[in-house]
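Each value in this text was obtained by applying a stated rule to the coordinates, not by laboratory testing. All values derive from a computational prediction rather than experimental measurement. As a convention, Cβ positions derive from the backbone with ideal geometry for all residues, glycine included, and neighbour counts pool all protein chains shown.
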Amino acid sequence: MLVVTRKTDESLIIADNIEITVLEVSRDRVKIGISAPKDIKIIRNELIDTQNINKDSGSSRELPKKALEALLNYTKED
């Protein structure tokens, strides 16, 4: 794992086509922006874990309410 320190408005470049920018730092949250080609899938880890649980159980259910609410609240600012 690479660990770096960045300030607001500083960024990292990954593989020449993905840019991660620190947009805001508050108490216990860091807001980041990700610029990447449209064919790159970007998903939060907790949603991957939820999908794996559903896949492992053999279920084709929709995302649990808690995960869906987290996704919907993702774009809202606190």
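Quick notes
- Point-to-point label distance, Glu10-Val30, nm (Cα→Cβ direction, 7 Å offset): 1.0 nm
- Length gained when the stretch Asn17-Ile48 is fully extended (0.36 nm per residue, less Cα-Cα span): 8.9 nm
- Between Leu2 and Ala70, the FRET efficiency from the beta-carbon distance, with R0 = 25 Å, is close to 0.40.
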